[in-house]
Amino acid sequence: MSELIKESYWVDSAPSPSHPPLAEDLTVDVAVIGAGIAGVCTAWELARTGKRVALLEADEVLTGTTGYTTAKVSALHTLRYAEIRRAFGAEGAATYATTQQGAIERVAEVVAELGIDCQFERVPAYTWVESEGQLAKIHSEVEAATEAGLPASFVTESDLPFPIAGAIRVEDQAQFHPRAYLLALLDDLRKHGGQVFEHTRIHGLEEGEPCRVVSESGHTVTAADVVVATHYPVFDRAMLFARLVPHRDLVIAAVIPEVQDPKGMYITPEQGIRSVRTAPYGEGERLLIVTGEGFTPGEGEVEPRYQALADWTSERFPGARLTYRWSAQDTSTPDGISYIGPFHLGARHTWVATGFGGWGMTNGVLAGQLLTALINGESPSHAGLYDPRRIHPLKEAVPMLKAQAKVAGHMVGDRLRSYVGSVDDIAPGQGAVVRVDGERCAVYRDDAGQCHAVSATCTHLGCLVNFDDAERSWVCPCHGSRFATDGSVLHGPATKPLRAVSAPPAPH
Ligand code: FES
C-alpha cells in the first residue's frame, strides 16, 4: 500500500509560484483581503473591468479552505431548496438557483475563454438517501428545485456501487481542480495589472473616502474600496462572527480503477453526511474523494473520525487505495444563504463575502461577480438575497440561539473542566491544557520530547483552546480559530497569536 499523504490533493498536485510580501505603501482602486476563491475571483473580475487591484494574503494564496475543498461546482446543495422556499418564498428559491447555476456557467465560460487546463468536467449532482423513511425529503427537494428552475428529477438508480432508496439528480453541474483554475486566474490578474502579496497580514482597516488598510509590518494600502474575503471576516464591526457557525469536514482520497467511477457528484445527509466525487488521476484510474464526519472545530478527537471515514470508503468501494487525507473548515449562516455585499449597516466602501456553508465553489465565484457589480455602482436584482445586512429574526433566532448557547457553554464550562495534571502526562506528538503557575497553558510536546507552551486563552473572545490530534494545532471551540503549536494564527476570526508563556514548562 502506498504511503498516506496528509495533505490536500489540490495543494499537492498544483504548486503555486510565490508572491512577495507588501514592502511599501500603495494606492489602488480596490484592496482585496484574503486570497481564497472569493478573494481571487473578486480581484480578477474587478481587474477585468479596469480596476487597479491589490490582493493581500496573510499566508500563501489558495492554502486556506479553498485548497482543502472537495471542489464540487454545484447548484444542488444537499437539501436546501425546500428550506429556502419556506424561508424566502418561491422567488427567493428561484433567485438562489439562477445565481448558483450562473456561477457554474461563469466557470465554464472562463475555462473556455482562458483555455484553462483544470480538469473541468460536466457531471450530474445527486443527493441520495438509503432509508425509505427519508424519501419524502427527497421528493420535496425535487419539487422545490424544479420549481426554482433547476433540471432536477427523482431517481432510484445511480452509478454508486451500492443500492439507494432514492435521490434527486440535477443535470449540468460540474467539478474541477480548484487550484489549477484559480492559479490561472491569478496569472491573468497579474497580466491585467493586479498585484498579489503573500505573507501580508492586515491588522488595521480605516473606513472612509478613501479607505486605508495597514499591514502587520506597517505598510498602508489606500483604496477607494476594500473587500474582506478572509473566510471569518477580520475587522468584524458588524459582529458577523455571532451569526456564523463554524464546522469542519474530513476528506479521504483513494485511487480506484476508472471502470468503478460513479460518474457524478453525490452527497447524502444520512450517516453523518457522506459526499463522493472523483477526479482524473493516473492512466486508467480516478481519485475517489470522500467527505464526511463533520464536527464543530475543537470538539472531540479527530483521528477516530478519520478512521470511520476510511472504513466507510473501504466498505463501499472495496479495493480503493487510500492515498490522501485532509480537512476543511467552513462557516454557515443561520438562514443558509451566504453573506455577500456591504460589510455592515453604515458601510459605503467596505464589502464582505463569507458563510458559504460548504458550497464555496459556486458562492466564491458568485461573490466575485456580485461584489464587482456592486463596487462598479450597479444594483443587481439578486443583491438583496445575499445582503449581509439582512436580519430575519424569525428565520435566524433558533439557530443563532443554539450556536450562542454552545459558545456560552464553552466560555463558562471549559473553565471548570479538569485538565491533565502535569506536563509529564503529555505524550510526544500530543498537546493538552495544563495549569502552570495558576495560568491555563496550551502545552504541546514534539516528537523529540521538547515542550512548547502558549496561553490557552483564545485571542478572539477568550474561550479556551483544545488540541487537534490530527493536525497538531490548537483550536478554539467557540468560533473555530486555529493556532499553530507556536501560537501563530492559522485560521480566524482571531487575528493575534496565542500569547507566549514566559517560562515554558521544562521537558521531563
Ligand atoms: Fe472566538 Fe476563540 S473565542 S474563536
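Secondary-structure-derived ellipticity at 222 nm for the chain, considering helices only, amounts to -9000 deg cm²/dmol, per-run term -39500 (n - 2.57) for DSSP H runs with n ≥ 4. A simple charge model with +1 on the Cβ of Lys and Arg, -1 on the Cβ of Asp and Glu and nothing else charged puts the dipole of the chain at about 1100 debye relative to its Cα centre. Ordered by the number of other Cβ atoms lying within 10 Å of each residue's own Cβ, fewest first, His199, His177 fall into the sequence His199, His177. Amide H contacts under 5 Å for Gly166: Val129, restricted to partners 5 or more places along the chain or on a different chain, H placed in the peptide plane at 1.01 Å from N. Antiparallel as a % of all DSSP beta bridges within the chain, to the nearest 5? If we restrict to bridges inside the chain, about 80 percent are antiparallel. With semi-axes defined as the square roots of five times the eigenvalues of the C-alpha gyration tensor, the equivalent ellipsoid of the range 301-381 measures 39, 14, 10 Å, largest first. Kindly provide log₁₀ I(q)/I(0) values, in the same order as q = 0.12 Å⁻¹, from the Debye equation applied to equal alpha-carbon scatterers of the chain. Summing over Cα pairs of the chain leads to -1.16. Within the shell of other residues whose beta carbon sits under 14 angstrom from the beta carbon of Val221, the net charge comes to -4, with Lys and Arg scored +1 and Asp and Glu -1. Between the listed residues Trp312, Phe162, Thr95, the Cα displaced farthest toward the positive end of the dipole of the chain, a dipole computed from Cβ unit charges relative to the Cα centre, is found at Thr95.
Readers should treat all values here as calculations from the given coordinates under stated rules, not as data from a laboratory. All values reported here derive from a predicted model rather than from experimental measurement. Neighbour counts run over all protein chains shown; Cβ positions are idealised from the backbone, glycine included.
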